[in-house]
Amino acid sequence: MQFIDLKRQYARIEEEVQAGFRRICENAQFIMGSDILKLEVMLADYVGRKYCLSCSSGTDALLIPLMAWGIGKGDAVFTTPFTFIATSEVVVLTGATPIFVDIDRKTYNISTSDLERVIEKTISEGKLTPKAIIPVDLFGLTADYDEINRIAKKYNLLVLEDAAQGFGGVYKGKRACSFGDVAATSFFPAKPLGCYGDGGAVFTDDENLIEIFKSIRIHGQGSDKYDNIRTGINGRLDTLQAIVLIEKLKIFDEELEKRNQVAKKYGELLKNKLVVPFIPDDCVSSWAQYSVLAESAWHRSELQQKLKENDIPTAIYYPIPLHLQTAYKKLGYKKGDFPISEEIASRIFSLPMHPYLTDEEIEFICSKIN
Ligand SMILES: *Cc1c(COP(=O)(O)O)cnc(C)c1O
């Protein structure tokens, strides 16, 4: 069994994707071009935002706005320690300091009450200037943007939505990637909307900002190809990837529906045995992962072993919270600083999740757990 079965999905879109690849190869139009522009319009329409900039990865999609805002040394950026390393990596790359905030026990997203407390603490210490918040839509569930936006306004902070896992999710009737001043997503193959390599996108409603993003994406380009007006990166999305994404976007809503059916069935069959995901009433998850809590680390490894014996793959997102990563020793955090993130990290694991899981497969997985 596959953890995420991309082969079943490919079988559905093979003809269209191959025809697109052939056209790109025959025209030798590998960088930028009309397919990229078409994809950007489709993506902006889908999430309900004015502008979309495709780029080379979810990591670059997070980095580009931080660079555009001029965030750097002496600045504080708030995020959670229970996420993929890229969320805080981009902060460090700009020279700014990531300040971690523990997660909510039920949603695993940034705790808004802790966020306000940590911002206050940072201000009173007076060493760093608070500049931005990067909330993460973990496992496909959007963070609490009403509350986050209220806090951001109060302290005059920018909000960068890390929707790498959130694309397709809904919060109070609005799609993920439509929150904050800017949103970033990833098209890594395993994400809800994945391409066939690395890819990402940035979203905003600010027309000045999108022009700066475009410039940063191509080495800080000015009005002419060899006129460079700022420091940028090589951050373009390959045109071949746009072909894949355009085809996948056509079947994406149907896949989202299927993912939600899979989650519902898992929930019904597992809720008496494990802690199953909590989705608030006004949210729809894009189910980047279906993550459950075992009773303890020991119970988790026992369950994972049992599933492995039955050819059922599992994964742990994430075993080591970011404040305990070797790379961040110099930030000075220690074990016990973020008790909820640490406890969840010790108990959580993820089950196979994709739109092509059959009822029989779900029942088989759950019977082994039960
Ligand atoms: C995957 C991921 C990223 C990075 O995306 P890449 O496309 O792999 O660079 C950033 N943040 C989160 C939460 C992710 O899951």
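In terms of the mean number of neighbouring beta-carbon atoms within 10 Å, the peptides 351-364, 330-343 order highest first as 351-364, 330-343. Roughly what % of DSSP beta bridges within the chain run antiparallel, to the nearest 5? Within the chain, antiparallel bridges account for around 65 percent of the total. Stokes-Einstein, applied to the Kirkwood radius of the chain over Cα pairs at a viscosity of 0.692 mPa s and 37 °C, places its translational diffusion at 154 µm² s⁻¹.
Taking only protein heavy atoms and a 1.4 Å probe, the accessible area of the stretch 276-370 is 53% carbon and sulfur. Is the stretch 252-369 rounded, prolate or oblate when judged by the Cα gyration tensor, a ≥ b ≥ c being the square roots of its eigenvalues, rounded requiring a/c under 1.5 and prolate requiring a/b larger than b/c? Prolate, since a/c reaches 1.5 and a/b exceeds b/c.
For Met32 and Ser124, the FRET efficiency from 1/(1 + (r/R0)^6), where r spans their Cβ atoms and R0 equals 51 Å, is about 0.60.
Putting +1 on Lys and Arg Cβ atoms and -1 on Asp and Glu Cβ atoms, find which of Met353, Phe364, Pro313 reaches farthest to the positive end of the dipole of the stretch 252-369. Working it through, the farthest residue towards the positive pole turns out to be Pro313.
The phi torsions of the stretch 167-182, fed into the Karplus equation with coefficients 6.51, -1.76 and 1.60 and a -60° offset, translate into couplings of 3, x, x, 10, 10, 6, x, 10, 6, 3, 5, 9, 9, x, 5, 9 Hz, rounded to whole numbers, with Gly and Pro shown as x. Among 279-288, 320-329, sorting by the average number of other beta carbon atoms lying within 10 angstrom of each residue, highest first, gives 279-288, 320-329. For the stretch 225-242, backbone phi angles converted through the Karplus equation (6.51, -1.76, 1.60; θ = phi - 60°) give residue-by-residue couplings of 3, 9, 9, 10, 9, 7, 7, x, 9, 8, x, 6, 8, 5, 4, 4, 5, 4 Hz, Gly and Pro being listed as x. Close amide-amide hydrogen proximity is noted between Asp75 and Thr97, Thr129, each under 5 Å apart and 5 or more residues distant or on a separate chain (H modeled in the peptide plane; Pro and chain starts excluded). Only helices enter this figure: runs of n ≥ 4 DSSP H residues, each worth -39500 (n - 2.57), summed and divided by the residues of the chain, yield -13500 deg cm²/dmol at 222 nm to the nearest 500. Note on the stretch 252-369: with charges restricted to the Cβ of Lys and Arg (+1) and Asp and Glu (-1), its dipole about the Cα centre is near 760 debye.
Rounded to the nearest Hz, the phi-derived 3J(HN,Hα) couplings of the stretch 55-70 under the Karplus curve 6.51 cos²θ - 1.76 cosθ + 1.60 (θ = phi - 60°) are 8, 6, 6, x, 4, 5, 5, 7, 6, 4, x, 4, 5, 4, 7, x, where x marks glycine and proline.
Here the relative contact order of the stretch 252-369, from alpha carbon pairs under 8 Å that lie six or more residues apart, stands at 38 percent. Ligands, DNA and RNA are left out, and with a 1.4 angstrom probe the accessible area of the chain is 44 Å² per residue. By accessible area, using a 1.4 Å probe on protein heavy atoms only, the stretch 1-54 has 53% of its surface on carbon and sulfur.
Cα centroid separation, the stretch 153-189 to the stretch 261-336: 22 Å.
The values are calculated or read from the model by the stated rules, or taken from the named source; none is laboratory data. Computed from a predicted model, the values in this text were never measured in an experiment. All Cβ positions, glycine included, derive from the backbone under ideal geometry; neighbour counts span all protein chains shown. Keep in mind that these areas ignore ligands, DNA and RNA; they rest on the heavy atoms of the full protein, side chains included. Shrake-Rupley method; radii C 1.70, N 1.55, O 1.52, S 1.80 Å.
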